[in-house]
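Report on the structure given below.
No lab work stands behind these numbers, since they all come straight from the coordinates. Being a predicted model, the structure only gives us computed values, none of them experimental. All Cβ positions, glycine included, derive from the backbone under ideal geometry; neighbour counts span all protein chains shown.
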Amino acid sequence: MAETVTLTIDGRQIHAAQGEILLWVALDNDIYIPHLCADREEEHPTASCRLCFVEVEGRPAPVPACTLPVTEGLVVKTRSPQVDGLVAAGFELIMSNHRLDCKNCSANGNCELQRIAKTRKLRLKPKNLPVLDKNLPVDDSATTFAYDPNKCVLCGQCIRACRRSGNGTLGFARRGYLRVVTTFGDMPLGESNCTECGACVKVCPVGALAKK
Ligand code: FES
């Protein structure tokens, strides 16, 4: 059995299993840290969304909470000017090419972006960056769900869920601004090997994958 360690998050003493990932320890103790790409079911974090930064005593710079195993005596702050600045910048970048249409979005009220904006007092509409809408077609070809790439935040949750479900239909293609979640050969979902198991829809933290 894993050894239990005591750590401090935002001044609160918390007990956790040695080696457990800080992000999950914090969330399990009702301490919210913004996150989009972290996945409890995966052993190796991709740490790609860059939203879960925390400050750790003794470390010169903030670290992503999804990569940090807890150890005895760890002292963590989830808020500091530096952390807040990094999270705000990362969030602004994500929102700079996210189609904002909350009123008509199936995830409205249950969207991780809205939660981050609310808890960190950030604007959903970027203040400093122009919004570049990719204006990509919505894939409406599956029977039970639709995929809107203009709302996708490229967290990779759907790709991992699809792989775990055994289909492996979804993957990333292209780079930089053109990066997109798609099927092999960019086939419409309805013509791909997708079995419509719904695993991807369940894990999408925004409204990019939505039930019909
Ligand atoms: S949740 Fe840690 S970098 Fe995305």
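A few notes on this one:
- Neighbours of ASP148, meaning other residues whose beta-carbon lies under 11 angstrom from its beta-carbon, give a summed charge of 0 when Lys and Arg score +1 and Asp and Glu score -1.
- Under a model in which nothing but the beta-carbon of Lys, Arg (+1) and Asp, Glu (-1) is charged, region 1-133 shows a dipole of about 880 debye around its Cα centre.
- In sequence order, calculated HN-Hα J values of region 17-22 (Karplus, 6.51, -1.76, 1.60; Hz; x Gly/Pro): 6, 3, x, 5, 7, 3
- Residues in region 195-204 carry Karplus couplings, in order, of 9, 6, 5, x, 4, 5, 5, 4, 9, 5 Hz; the curve used is 6.51 cos²θ - 1.76 cosθ + 1.60 with θ = phi - 60°, and Gly or Pro positions show x.
- Here the Karplus curve 6.51 cos²θ - 1.76 cosθ + 1.60, taken at θ = phi - 60°, turns the phi angles of region 46-59 into couplings of 8, 6, 9, 7, 6, 10, 9, 4, 9, 9, 10, 4, x, 9 Hz, with x standing for Gly and Pro.
- Protection-proxy order for peptides 47-54, 198-205, 3-10, each taking the mean of Cβ atoms within 10 Å per residue, highest first: 47-54, 198-205, 3-10
- Between ASP30, ASP133, ASP39, the Gaussian network model of the chain with springs among Cα atoms under 10 angstrom shows the greatest mean-square fluctuation at ASP30.
- Within the shell of other residues whose beta carbon sits under 11 angstrom from the beta carbon of VAL83, the net charge comes to +1, with Lys and Arg scored +1 and Asp and Glu -1.
- Surrounding net charge for ILE31, when Lys and Arg each add one and Asp and Glu each subtract one, Cβ distance under 15 Å: 0
- Paramagnetic reach from THR8 in region 14-34 [backbone N under 18 Å; point 7 Å along Cα→Cβ]: 14-16, 26, 31
- For the Cα trace of region 134-211, dividing Rg by the Kirkwood Rh returns an Rg/Rh value of 0.90.
- Compared with the dominant Cα axis of the chain, that is its longest principal axis, helix 81-95 is turned about 0°.
- With only Cα atoms counted, region 1-133 has Rg and Dmax values of 15.8, 51 Å.
- Test item: Cα-centred dipole of region 51-99, Lys/Arg +1 and Asp/Glu -1 on Cβ, debye: 140 debye
- Assigned charges on the beta-carbon of Lys, Arg, Asp, Glu; region 106-152 dipole about Cα centre (debye): 580 debye
- Descending Cα extents along the principal axes, region 1-73, whole Å: 29, 28, 22
- When shorter helices are ignored and each DSSP H run of at least 4 residues is given -39500 (n - 2.57), the per-residue value for the chain at 222 nm works out to -6000 deg cm²/dmol.
- Distance between the C-alpha centres of region 56-79 and region 22-39: 13 Å, rounded to the whole angstrom.
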